[in-house]
1. Name the single residue that is modelled with the lowest pLDDT among those in the stretch 28-73 being among the hydroxyl-bearing types (S, T, Y) and over 30 Å from V246 (Cα atoms).
2. Would you say I118 is touching a residue at least 12 places away in the same chain (Cβ under 8 Å) and either more than 21 Å from the chain's Cα centre (by Cα) or not in a helix (DSSP H, G or I) (or both)?
3. Quick one: would you say G377 is small (G, A, S) and buried (at least 24 other Cβ atoms within 10 Å of the Cβ)?
4. Among what's in the stretch 319-341 and is aromatic (F, W, Y) and surrounded by fewer than 21 Cβ atoms within 10 Å (Cβ to Cβ), pick the residue that is nearest to V286 (Cα to Cα).
5. Taking the conditions exactly as written (closer than 20 Å to V342 by Cα, among the aliphatic types (A, V, I, L, M), part of a helix (DSSP H, G or I) and in contact (Cβ under 8 Å) with a residue 24 or more places away in the chain), does I384 satisfy them or not?
6. Quick test for you: out of V241, V286, V246, V281, pick the one residue that is over 26 Å from Y54 (Cβ atoms) and either touching a Cys at 6+ places or on another chain (Cβ under 7 Å) or touching a residue at least 60 places away in the same chain (Cβ under 8 Å) (or both).
7. State whether one or more residues within the stretch 418-427 are out of contact with any Asp or Glu (no Cβ under 9 Å at 6 or more places or on another chain), over 29 Å from A339 (Cβ atoms) and in contact (Cβ under 8 Å) with a residue 60 or more places away in the chain.
8. Out of (1) touching a Gly at 6+ places or on another chain (Cβ under 6 Å); (2) buried (at least 22 other Cβ atoms within 10 Å of the Cβ); (3) at pLDDT below 95, what's the single condition that is false for C415?
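The values are calculated or read from the model by the stated rules, or taken from the named source; none is laboratory data. Nothing here was measured: the structure is a model prediction, and the numbers come from that model. Heads up, the Cβs are rebuilt from the backbone with ideal geometry, glycines too, and the neighbour counts pull from every protein chain shown.
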Amino acid sequence: MRERKEYHGSSEFFLELLQTPTIILAIVALIGLIAQGRKFSDVISGTVKTALGYLVLSAGSSLLVNEILPFVGLFQEVTGLSGFATGSEIIVGAIQDSVPVIASTSAIIMGAGFLVNILLARITPLKYIFLTGHMMWISSVAIAFCLYEFGFSSGMIIGIGIVLQGAILTLLPAISQSNVRKITGANDFAIGHLTTLGTVSSAYIGGLVGRNSKSAEDMKLPEGLKFFKDTSMSIAIVMFVFYMLVVILAGPESVAAYAGETNYLIYGLLKALGFTAGVLVLLQGVRMLLGELVPAFKGIADKLVPNAVPALDVPALFGFAPNSLMLGFIFATIGMIVAMFVSSALFGVVPLVSIIGAFFTGGVAGIMGNARGGRIGAMVSGFIYGFELILFSGFTYSLFGHFASVGAEGTGHDCIDAMALMTVMKNPIIGIILIVAAFVLMSFLEVRYQKKVRSGAAK
């Protein structure tokens with residue numbers, strides 16, 4: 001009995017470690033810097049700065065969430081719409097709490113699946129190491145849920161789930177990498193997120209519509225409006241308009257539930273400025289993280305997985321195209337609002353707007369859309385992404401019976417890849433075939449890209 005307890009303890013430690021991105025990224029930096037033969041002082045400095053960079057990024061993200069949550073509540077009051085909350089972290093947490101089998105199997109899938117990701121990066125052309133911990137968690141629960149719903153035993157759930165998890169973690173960064181290269185002009189990092197299918201598909205549509213459109217980052221403004229080129233000013237003004245519109249429509253009494261004794265108009269102003277402060281903190285964290293992690297990761301790549309590329313969270317792209325980020329955010333929000341009514345008409349359910357999703361991943365859709373179709377591409381891509389996310393959320397909510405069987409009724413996903421995975425895995429045989437086919441296709445495309453790179457270098 002004692003041995004079993006010790007094993008359980010070590011297993012829990014390992015799984016908690018995998019769910020702590022700060023530690024994972026710091027360890028990655030540590031190993032990479034040691035592998036490069038850096039001086040002891042440089043190793044310590046790089047490791048600590050990597051951890052601090054992620055903590056600063058997380059602090060910015062938390063501040064953003066805190067500042068936007070009242071907006072969501074007031075928005076619901078103003079529109080009079082009631083429906084289910086869209087948040088993948090919310091629903092997977094509810095499922096794990098309600099179904100112990102899914103909780104235990106998903107934990108093993110998450111840990112072992114990461115090892116399969118490293119193995120696949122080593123032996124296949126897709127050299128991507130997925131480093132976004134909370135996305136790994138969401139993916140593992142989605143896989144365990146589907147296999148559980150189909151009726152597989154715990155052993156089958158674990159065995160199939162580990163392989164699927166590793167394949168998906170390796171595959172998703174590859175799908176978006178052509179867009180990332182267009183944005184950054186390099187191949188230093190990839191994006192590891194469960195909104196890849198949504199951002200990439202919307203970006204391609206935006207590229208088709210906005211062909212030959214000028215970049216949002218090159219917008220020439222009149223002298224009196226040049227302050228819009230400042231990221232902090234443009235975000236502050238946009239959020240001021242958003243918040244003021246909602247607090248005025250909601251009225252002083254409704255706002256008082258959030259603002260307390262603070263005047264409702266002043267409250268709206270402070271929340272808009274607080275959101276802007278969160279963005280600035282987040283961007284500083286991104287700069288710190290990438291400045292240390294990317295060079296360190298090269299040391300690991302050279303030793304363990306040649307030419308490996310770290311797949312990071314979406315804020316890694318924010319600093320490359322701040323104007324596109326804001327266009328994507330605004331139009332993703334509009335797309336979500338439209339999709340709420342469409343979902344109500346088609347499926348009889350109303351997924352509530354995910355403002356967090358609109359900013360973080362709607363913004364990325366805008367950045368990718370701009371890379372392919374300029375400012376028009378950014379606007380179209382943002383709108384399409386927001387529309388896709390909410391409509392797909394309504395579809396999966398209906399497809400799986402409002403998630404009532406797993407104690408998660410009233411919550412839905414806001415990660416398009418998780419929803420797509422669950423849809424194709426409704427029949428695991430079909431789902432596995434499609435995932436394998438996608439893996440083979442992306443491997444072929446990656447090989448072709450590498451040949452082009454080598455050919456260009458030779459010339």
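1. Taking the stretch 28-73 and keeping what is among the hydroxyl-bearing types (S, T, Y), we get 41, 45, 47, 50, 54, 58, 61-62.
From what's left, over 30 Å from V246 (Cα atoms): 41, 45, 47, 50, 54.
Numbers: S41: 88, S45: 88, T47: 87, T50: 84, Y54: 78.
Looking at the filtered set, the residue picked out is Y54.
2. Details: touching a residue at least 12 places away in the same chain (Cβ under 8 Å): yes; either more than 21 Å from the chain's Cα centre (by Cα) or not in a helix (DSSP H, G or I) (or both): no.
For I118, the condition - touching a residue at least 12 places away in the same chain (Cβ under 8 Å) and either more than 21 Å from the chain's Cα centre (by Cα) or not in a helix (DSSP H, G or I) (or both) - is not met.
3. It is true that G377 is small (G, A, S) and buried (at least 24 other Cβ atoms within 10 Å of the Cβ).
4. Filtering the stretch 319-341 down to residues aromatic (F, W, Y) leaves 320, 329, 331, 341.
Now drop any that are not surrounded by fewer than 21 Cβ atoms within 10 Å (Cβ to Cβ), which leaves 320, 341.
Details: F320: 11, F341: 36 Å.
Ranking the qualifying residues of the stretch 319-341, first place goes to F320.
5. yes
6. Values: V241 fails: either touching a Cys at 6+ places or on another chain (Cβ under 7 Å) or touching a residue at least 60 places away in the same chain (Cβ under 8 Å) (or both); V286 fails: over 26 Å from Y54 (Cβ atoms); V281 fails: over 26 Å from Y54 (Cβ atoms).
Answer to the check: V246.
7. Taking every residue of the stretch 418-427 in turn, none turns out to be out of contact with any Asp or Glu (no Cβ under 9 Å at 6 or more places or on another chain), over 29 Å from A339 (Cβ atoms) and in contact (Cβ under 8 Å) with a residue 60 or more places away in the chain.
8. Single failed check for C415: (1).
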